[in-house]
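All remarks here apply to the structure that follows.
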Amino acid sequence: MEEFKNNPIDTFQLPKFEEVVLTKLHPKYFKVMLFNVALLYFILGVAATVAVYFIEQLHEYWYVFIAVYLLFLSLTLFVTRVKFKNRGFTFRTHDVIYRSGAIAINTIIIPYNRVQHVALHEGLISRALGLASIEIFTAGGDSSDVKIPGLEKEHAEKIKLLLRGKVLNEEEVNESEL
(Lines give C-alpha, C1' and ligand atoms only; values in the text may rest on other atoms or scores of the structure.)
Protein backbone atom coordinates (compact mmCIF):
# COMPACT_ATOMS: atom_id res chain seq x y z
CA MET A 1 0.00 0.00 0.00
CA GLU A 2 1.27 3.47 -0.91
CA GLU A 3 2.03 6.04 1.71
CA PHE A 4 -0.53 8.87 1.72
CA LYS A 5 0.86 12.16 0.44
CA ASN A 6 -0.81 15.54 0.47
CA ASN A 7 1.81 17.90 -0.93
CA PRO A 8 1.08 21.63 -1.17
CA ILE A 9 0.59 23.21 -4.58
CA ASP A 10 2.55 26.35 -5.40
CA THR A 11 -0.33 28.47 -6.71
CA PHE A 12 2.12 31.05 -8.06
CA GLN A 13 3.38 28.47 -10.56
CA LEU A 14 -0.07 27.72 -12.00
CA PRO A 15 -0.63 28.79 -15.62
CA LYS A 16 -2.16 32.24 -15.93
CA PHE A 17 -5.37 32.30 -17.95
CA GLU A 18 -4.99 36.08 -18.22
CA GLU A 19 -2.03 35.56 -20.55
CA VAL A 20 -4.04 33.51 -23.06
CA VAL A 21 -4.73 35.37 -26.29
CA LEU A 22 -8.50 35.45 -26.80
CA THR A 23 -10.30 35.42 -30.13
CA LYS A 24 -12.46 38.51 -30.56
CA LEU A 25 -16.09 38.31 -31.64
CA HIS A 26 -16.90 38.87 -35.30
CA PRO A 27 -17.08 42.63 -36.09
CA LYS A 28 -20.60 42.20 -37.50
CA TYR A 29 -21.82 41.32 -34.00
CA PHE A 30 -21.37 44.96 -33.00
CA LYS A 31 -24.20 45.74 -35.45
CA VAL A 32 -26.43 43.31 -33.54
CA MET A 33 -25.57 45.06 -30.29
CA LEU A 34 -26.28 48.46 -31.87
CA PHE A 35 -29.62 47.20 -33.19
CA ASN A 36 -30.59 46.14 -29.66
CA VAL A 37 -29.66 49.57 -28.29
CA ALA A 38 -31.55 51.31 -31.11
CA LEU A 39 -34.67 49.23 -30.46
CA LEU A 40 -34.56 49.96 -26.72
CA TYR A 41 -34.07 53.70 -27.21
CA PHE A 42 -36.74 53.86 -29.89
CA ILE A 43 -39.25 52.41 -27.42
CA LEU A 44 -38.05 54.74 -24.65
CA GLY A 45 -38.21 57.73 -27.02
CA VAL A 46 -41.78 56.93 -28.06
CA ALA A 47 -42.82 56.47 -24.40
CA ALA A 48 -41.21 59.77 -23.37
CA THR A 49 -42.79 61.61 -26.32
CA VAL A 50 -46.22 60.26 -25.46
CA ALA A 51 -45.75 61.21 -21.79
CA VAL A 52 -44.68 64.77 -22.65
CA TYR A 53 -47.48 65.15 -25.18
CA PHE A 54 -50.32 63.93 -22.96
CA ILE A 55 -49.23 65.23 -19.54
CA GLU A 56 -49.63 69.01 -19.59
CA GLN A 57 -47.28 69.62 -16.64
CA LEU A 58 -44.43 68.15 -18.71
CA HIS A 59 -44.88 70.38 -21.79
CA GLU A 60 -42.49 73.03 -20.57
CA TYR A 61 -39.79 70.44 -19.68
CA TRP A 62 -39.51 68.73 -23.06
CA TYR A 63 -35.89 69.88 -23.45
CA VAL A 64 -34.96 68.14 -20.17
CA PHE A 65 -36.30 64.86 -21.54
CA ILE A 66 -34.26 65.29 -24.72
CA ALA A 67 -31.10 66.13 -22.77
CA VAL A 68 -31.49 63.14 -20.45
CA TYR A 69 -32.36 60.89 -23.40
CA LEU A 70 -29.24 61.93 -25.33
CA LEU A 71 -27.05 61.62 -22.24
CA PHE A 72 -28.21 58.07 -21.53
CA LEU A 73 -28.02 57.13 -25.21
CA SER A 74 -24.40 58.35 -25.37
CA LEU A 75 -23.51 56.48 -22.18
CA THR A 76 -25.20 53.30 -23.43
CA LEU A 77 -23.36 53.47 -26.77
CA PHE A 78 -20.04 53.94 -24.97
CA VAL A 79 -20.68 50.99 -22.62
CA THR A 80 -21.84 48.85 -25.56
CA ARG A 81 -18.59 49.56 -27.40
CA VAL A 82 -16.51 48.69 -24.33
CA LYS A 83 -18.50 45.48 -23.80
CA PHE A 84 -17.91 44.47 -27.40
CA LYS A 85 -14.16 45.12 -27.17
CA ASN A 86 -13.83 43.18 -23.90
CA ARG A 87 -15.53 40.01 -25.16
CA GLY A 88 -13.36 37.16 -26.28
CA PHE A 89 -13.02 33.40 -26.19
CA THR A 90 -10.57 30.59 -26.73
CA PHE A 91 -10.71 26.83 -26.84
CA ARG A 92 -7.73 25.08 -25.31
CA THR A 93 -6.86 21.41 -25.05
CA HIS A 94 -8.83 20.87 -21.83
CA ASP A 95 -11.16 23.84 -21.47
CA VAL A 96 -12.96 26.82 -22.95
CA ILE A 97 -12.42 30.39 -21.75
CA TYR A 98 -14.92 33.22 -22.26
CA ARG A 99 -14.42 36.80 -21.10
CA SER A 100 -17.02 39.57 -21.07
CA GLY A 101 -18.06 42.74 -19.27
CA ALA A 102 -17.74 46.49 -19.40
CA ILE A 103 -17.12 47.73 -15.88
CA ALA A 104 -16.50 44.38 -14.20
CA ILE A 105 -14.72 41.83 -16.36
CA ASN A 106 -15.95 38.25 -15.97
CA THR A 107 -13.86 35.30 -17.09
CA ILE A 108 -15.47 31.87 -17.21
CA ILE A 109 -13.40 28.73 -17.67
CA ILE A 110 -15.24 25.48 -18.28
CA PRO A 111 -13.32 22.20 -18.49
CA TYR A 112 -14.58 19.97 -21.29
CA ASN A 113 -15.30 17.13 -18.87
CA ARG A 114 -17.99 19.34 -17.26
CA VAL A 115 -19.82 20.04 -20.53
CA GLN A 116 -23.18 18.26 -20.73
CA HIS A 117 -24.82 19.88 -23.73
CA VAL A 118 -23.99 22.32 -26.54
CA ALA A 119 -26.55 24.39 -28.45
CA LEU A 120 -26.24 26.64 -31.49
CA HIS A 121 -28.56 29.66 -31.55
CA GLU A 122 -29.30 32.17 -34.32
CA GLY A 123 -31.32 35.30 -33.66
CA LEU A 124 -33.20 37.15 -36.39
CA ILE A 125 -30.60 39.89 -36.88
CA SER A 126 -27.67 37.53 -36.31
CA ARG A 127 -28.99 35.12 -38.93
CA ALA A 128 -29.31 37.96 -41.46
CA LEU A 129 -25.64 38.78 -40.81
CA GLY A 130 -24.51 35.13 -40.96
CA LEU A 131 -23.76 34.95 -37.23
CA ALA A 132 -24.65 32.48 -34.49
CA SER A 133 -24.10 31.87 -30.78
CA ILE A 134 -22.85 28.78 -28.99
CA GLU A 135 -24.39 27.93 -25.62
CA ILE A 136 -22.48 25.60 -23.34
CA PHE A 137 -24.36 23.81 -20.56
CA THR A 138 -22.81 22.00 -17.60
CA ALA A 139 -24.50 19.74 -15.08
CA GLY A 140 -27.26 21.35 -13.01
CA GLY A 141 -29.39 24.34 -13.81
CA ASP A 142 -31.65 24.98 -16.75
CA SER A 143 -29.75 27.81 -18.39
CA SER A 144 -26.45 27.83 -20.21
CA ASP A 145 -23.27 28.48 -18.28
CA VAL A 146 -21.62 30.26 -21.20
CA LYS A 147 -23.09 31.84 -24.29
CA ILE A 148 -20.53 32.91 -26.87
CA PRO A 149 -22.25 35.24 -29.35
CA GLY A 150 -20.96 36.84 -32.52
CA LEU A 151 -19.49 33.79 -34.26
CA GLU A 152 -19.71 33.16 -37.97
CA LYS A 153 -22.25 30.37 -38.41
CA GLU A 154 -19.74 27.95 -39.98
CA HIS A 155 -17.29 28.59 -37.16
CA ALA A 156 -20.04 28.09 -34.55
CA GLU A 157 -20.99 24.76 -36.15
CA LYS A 158 -17.35 23.62 -36.03
CA ILE A 159 -17.12 24.61 -32.37
CA LYS A 160 -20.33 22.71 -31.62
CA LEU A 161 -18.87 19.60 -33.28
CA LEU A 162 -15.62 20.05 -31.35
CA LEU A 163 -17.46 20.30 -28.03
CA ARG A 164 -19.80 17.42 -28.85
CA GLY A 165 -16.74 15.35 -29.70
CA LYS A 166 -15.13 16.25 -26.38
CA VAL A 167 -18.34 15.36 -24.52
CA LEU A 168 -18.67 12.04 -26.36
CA ASN A 169 -15.00 11.20 -25.77
CA GLU A 170 -15.40 11.89 -22.03
CA GLU A 171 -18.46 9.61 -21.91
CA GLU A 172 -16.54 6.85 -23.71
CA VAL A 173 -13.67 7.19 -21.25
CA ASN A 174 -16.07 7.07 -18.27
CA GLU A 175 -17.82 3.97 -19.66
CA SER A 176 -14.51 2.19 -20.26
CA GLU A 177 -13.51 2.81 -16.64
CA LEU A 178 -16.54 0.83 -15.43
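The values are calculated or read from the model by the stated rules, or taken from the named source; none is laboratory data. Source: prediction; values computed, not measured. As a convention, Cβ positions derive from the backbone with ideal geometry for all residues, glycine included, and neighbour counts pool all protein chains shown. For the accessible areas, the whole protein counts, side chains as well, though only heavy atoms, and no ligand, DNA or RNA atoms are used. Shrake-Rupley method; radii C 1.70, N 1.55, O 1.52, S 1.80 Å.
When the trypsin sites (Lys or Arg not before Pro) in segment 1-103 are filtered for DSSP coil states and for at most 10 other beta-carbon atoms within 10 Å of their beta-carbon, the remaining sites are 5, 16.
Summarising the amide proton neighbourhood of residue 150: residues at separation of 5 or more, or on other chains, whose placed amide H is nearer than 5 Å comprise 132.
Each residue of segment 99-111 was assigned a 3J(HN,Hα) from its phi angle through the Karplus expression (A = 6.51, B = -1.76, C = 1.60, θ = phi - 60°), giving 10, 7, x, 10, 8, 9, 8, 9, 10, 10, 10, 10, x Hz with x at Gly and Pro. Taking the 1.4 Å solvent-accessible surface of the chain as the whole, the part contributed by carbon and sulfur is 60%.
Over all directions, the projected convex hull of the C-alpha atoms in the chain averages 16.4 nm² in area. Taking the convex hull of the alpha carbon positions in segment 54-153 and averaging its projected area over all directions gives 10.0 nm². Between residue 44 and residue 14, the C-beta separation translates, for a Förster distance of 35 Å, into a calculated FRET efficiency of about 0.15.
Ligands, DNA and RNA are left out, and with a 1.4 angstrom probe the accessible area of segment 1-141 is 72 Å² per residue. For segment 94-154, which GluC sites (Glu not before Pro) pass both filters: DSSP loop (anything but H, G, I, E, B) and at most 16 other C-beta atoms within 10 Å? Counting only loop positions with at most 16 other Cβ atoms within 10 Å, the GluC sites (Glu not before Pro) in segment 94-154 are 122.
Counting only residues at least eight positions apart within a chain, or on another chain, the lysines with an alpha carbon under 19 Å from that of residue 83 are 24, 28, 31, 147.
Between the helical axis of 29-54 and the longest alpha-carbon principal axis of the chain there is an angle of about 30 degrees. For segment 1-100, the Cα-based Rg and Dmax, in that order, read 24.6, 87 Å.
Is there a quick way to get the dipole size of the chain? I mean about its Cα centre, with the Cβ of Lys and Arg at +1 and of Asp and Glu at -1; what is the value in debye to the nearest 20? Could you put the intermediate results ahead of the total?
Working: 19 positive and 20 negative charges, 185 e Å.
With only Lys, Arg, Asp and Glu charged at Cβ, the dipole is about 880 debye.
Restricting the GluC sites (Glu not before Pro) of segment 1-93 to loop positions (DSSP other than H, G, I, E, B) with no more than 10 neighbouring Cβ atoms within 10 Å leaves 2, 3.
In this rough spin-label picture, where each label sits 7 Å from Cα along the Cβ direction, the residue 37-residue 55 distance is 2.7 nm.
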